[in-house]
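The values are calculated or read from the model by the stated rules, or taken from the named source; none is laboratory data. It should be emphasised that the depicted structure is a prediction, and the values quoted were computed from it without experimental measurement. All Cβ positions, even for glycine, are placed from backbone atoms using ideal geometry, and neighbour counts span all protein chains on display.
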Amino acid sequence: MSERAAQFGYIPVATPLAERSGEEVVDELAGGYIPALEQIGGRRRGPEAIAEAEPLIYFVVTGGTEHQILALLEERKRSAPGEPAFLLAHPGNNSLPAALETLARLQQEGARGRILYLNGPDDKAGLRQIARAAGDARAFHRLRRARIGLVGAPSDWLLASHPDPDTVKKVWGPEVVPVRFEALEDAIEAVPDQALKAPCDALVSKAVEVREPPETELQDAVLVYLAMKQLVDLHHLDAVTVRCFDLVEKRRMTGCFALARLNDEGVVAGCEGDLVSTTGLLWLQTLLGQTAWMANPARIDEGRNALWLAHCTVPLNMTAGFGLRSHFESGLGVSIQGTLKKEAVTLVRIGGRKMDRLWLAEGDITGAGKDRQLCRTQVRVQLTNSGHVSELLRRPLGNHLLLVPGHHADRLRGWHEMTVGRYPG
């Protein structure tokens, strides 16, 4: 397998038997598993790879390996603190008993981990589980290399959504990069007029309607996008959130299109300087590979277990069509009135003082709206498999919710429990 094709490393751990070395034991007892692991992206590694920046799985080939695994994990802490330990067990040679004892010890010490069980080289369900665990580990590492730009301060009304940057780094991994709001203003001033026409024409041509905004405000929306893109490139950002209402108050401009377009381009972009929600958006993109929508829960129907979400921006690639409207609260600038497809979705909110709490619900988009009393993009979500809207009224984690297509509650909850949330018990 080539270096490029590898998705994770696995370190076989075995005790010597009789006159045979541990490596000989691995070749004899685990030989049938090696091709299967390589087919799902695995690459056999030795203990010398313990400090490398790649997901690692510890293949418990035999019993009697508990102390060897603990020693490897202790060394691993130096390069990947907080990384969950994935122990791969199989049916023979006391592999599973050794994995159970090792994980029990790790959990006693407050560490997180999981046993992956492979019932043979042809265990397709087990191999899928390993591939998913490797994906979870990759997301862990990518988040810890990520950079979130905070342009200006969080909006004043975000009382529960302005964590200390050290908390974001410690709990979720990304570094928060403070960017002065004045830097955005400077970037706006530096965009040449001739750079506006082509992207403005493209935006208008793709819209199903342009209702309120005149051409000058459409150009201003593109101007903000180009300036934000400059800041993203300058600071090497994976995600960004901006105190966007200052744009309205100071320059009579809106950031709604800029955030939508950045999300379309793979740069996670959140509103209102909301670090919590932007971290959540980055998590969803990193783990699931999907763009999500940040919105206000505007109305709730407890009896039907449904709610309306609304916001003045939405990633354009999530819509079946969109119109260009004025900003709801101010009547200025450009906002996005998108129509989201009727499909299965998951609603997500992270939060808490330590940013270690999670609310999840699965449902379906059942309708769209154009109510004049709400932000421009409006959807009705009927909750189905998990979660209840009444939980939002009793134990809210904050205002904004995140909507991502598909049902992912089990995957998200499992990752969160393994990596962020306090371990049960």
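Could you tell me whether the stretch 159-177 includes any residue that is more than 20 Å from L316 (Cβ to Cβ), modelled with pLDDT of 95 or more, aliphatic (A, V, I, L, M) and in contact with a Lys or Arg (Cβ under 9 Å, 6 or more places away or on another chain)? Yes, the stretch 159-177 contains at least one residue that is more than 20 Å from L316 (Cβ to Cβ), modelled with pLDDT of 95 or more, aliphatic (A, V, I, L, M) and in contact with a Lys or Arg (Cβ under 9 Å, 6 or more places away or on another chain). Entry remark, the stretch 338-353: residues being of a type in the set (G, A, S) and either within 22 Å of F328 (Cα to Cα) or without any contact (Cβ under 8 Å) to a residue 60 or more places away in the chain (or both) number 2 in total. In this structure, does L37 turn out to be crowded, with 18+ Cβ neighbours inside 10 Å and part of a helix (DSSP H, G or I)? In short, yes.
Please verify whether E362 is assigned by TED's automatic domain parsing to the domain that holds V210 and crowded, with 19+ Cβ neighbours inside 10 Å, treating the condition exactly as stated.
Working: assigned by TED's automatic domain parsing to the domain that holds V210: yes; crowded, with 19+ Cβ neighbours inside 10 Å: yes.
Judged against the criteria, E362 is a match.
Of all residue pairs spaced 6 or more apart or on separate chains, those with beta-carbon atoms under 6 Å, a first member in the stretch 175-197 that is farther than 22 Å from E217 by Cβ and a second member that is surrounded by fewer than 18 Cβ atoms within 10 Å (Cβ to Cβ) are E175/R147; E175/K169; V176/P165; V177/R147; V177/H235. Among the numbered conditions (1) touching a helix residue (DSSP H, G or I) at 6+ places or on another chain (Cβ under 8 Å); (2) of a type outside the set (D, E, K, R); (3) at pLDDT 95 or above, the only one that T278 does not meet is (1). Residues satisfying the criterion are absent from the stretch 69-89 (criterion: out of contact with any Pro (no Cβ under 7 Å at 6 or more places or on another chain), buried (at least 16 other Cβ atoms within 10 Å of the Cβ) and more than 28 Å from H416 (Cβ to Cβ)). Total residues in the stretch 247-273 satisfying the condition of being more than 23 Å from F140 (Cβ to Cβ) and part of a loop (DSSP other than H, G, I, E, B): the figure is 8. Each residue in the stretch 228-246 was checked for being assigned to a helix (DSSP H, G or I) and touching a residue at least 24 places away in the same chain (Cβ under 8 Å), and 8 pass.
The residues in the stretch 314-341 that are under 29 Å from R394 (Cβ atoms) and either among the basic types (K, R) or not in a strand (DSSP E or B) (or both) can be counted, and the count is 3. On the phi > 0 side of the Ramachandran plot and surrounded by fewer than 16 Cβ atoms within 10 Å (Cβ to Cβ): is that true of G406 in this structure? Against the criterion (on the phi > 0 side of the Ramachandran plot and surrounded by fewer than 16 Cβ atoms within 10 Å (Cβ to Cβ)), G406 qualifies. Taking helices (runs of 4 or more DSSP H) as the structural unit, those lying wholly within the stretch 82-175 and holding at least 2 residues that are not assigned by TED's automatic domain parsing to the domain that holds V268 correspond to 95-108, 124-143.
Is it the case that the stretch 404-415 has a residue that's part of a strand (DSSP E or B), at pLDDT 95 or above and not basic (K, R)? Break it down stepwise before answering.
Looking only at the stretch 404-415, we keep the residues that are part of a strand (DSSP E or B), and these are 404-405.
The next check asks that each one be at pLDDT 95 or above; those that pass are 404-405.
Now narrow it down to the ones that are not basic (K, R): 404-405.
So far as the stretch 404-415 goes, yes, one or more of its residues are part of a strand (DSSP E or B), at pLDDT 95 or above and not basic (K, R).
Looking across the stretch 318-372, the residues that are in contact with a Pro (Cβ under 8 Å, 6 or more places away or on another chain), over 28 Å from R251 (Cβ atoms) and of a type in the set (A, V, I, L, M) come down to A344, V345, M355. Considering only residues in the stretch 308-327 that are polar (S, T, N, Q) and touching a residue at least 60 places away in the same chain (Cβ under 8 Å), the one that is surrounded by the most Cβ atoms within 10 Å (Cβ to Cβ) turns out to be T313. Answer yes if at least one residue in the stretch 380-394 is modelled with pLDDT of 95 or more, in a loop (DSSP other than H, G, I, E, B) and not basic (K, R), and no otherwise. For the stretch 380-394, residues modelled with pLDDT of 95 or more, in a loop (DSSP other than H, G, I, E, B) and not basic (K, R): absent.
Pick from the stretch 216-244 the residues that are among the polar types (S, T, N, Q) and surrounded by fewer than 22 Cβ atoms within 10 Å (Cβ to Cβ): which of them is nearest to the chain's Cα centre (by Cα)? First the steps, then the outcome.
Narrowing the stretch 216-244 to residues among the polar types (S, T, N, Q): 216, 219, 230, 241.
Remaining after also requiring surrounded by fewer than 22 Cβ atoms within 10 Å (Cβ to Cβ): 216, 219, 230.
Details: T216: 35, Q219: 31, Q230: 23 Å.
Looking at residues that are among the polar types (S, T, N, Q) and surrounded by fewer than 22 Cβ atoms within 10 Å (Cβ to Cβ), I get Q230.
Determine whether the stretch 250-269 contains at least one residue that is hydroxyl-bearing (S, T, Y), assigned by TED's automatic domain parsing to the domain that holds G323, in contact (Cβ under 8 Å) with a residue 24 or more places away in the chain and farther than 18 Å from M355 by Cα.
Applying the first criterion (hydroxyl-bearing (S, T, Y)) to the stretch 250-269 yields 254.
Those left that are additionally assigned by TED's automatic domain parsing to the domain that holds G323: 254.
Okay, now just the ones that are also in contact (Cβ under 8 Å) with a residue 24 or more places away in the chain, so 254.
Going one step further and asking which of them are farther than 18 Å from M355 by Cα, we end up with 254.
Checking the stretch 250-269: at least one residue is hydroxyl-bearing (S, T, Y), assigned by TED's automatic domain parsing to the domain that holds G323, in contact (Cβ under 8 Å) with a residue 24 or more places away in the chain and farther than 18 Å from M355 by Cα.
Residues in the stretch 354-370 that are over 19 Å from N317 (Cβ atoms) and either part of a strand (DSSP E or B) or without any contact (Cβ under 8 Å) to a residue 60 or more places away in the chain (or both): R357, L358, W359, L360, A361, E362, G363, D364, T366, G367, G369, K370. Residues in the stretch 258-316 that are charged (D, E, K, R) and within 24 Å of G173 (Cα to Cα): D264, E265, E272, D274.
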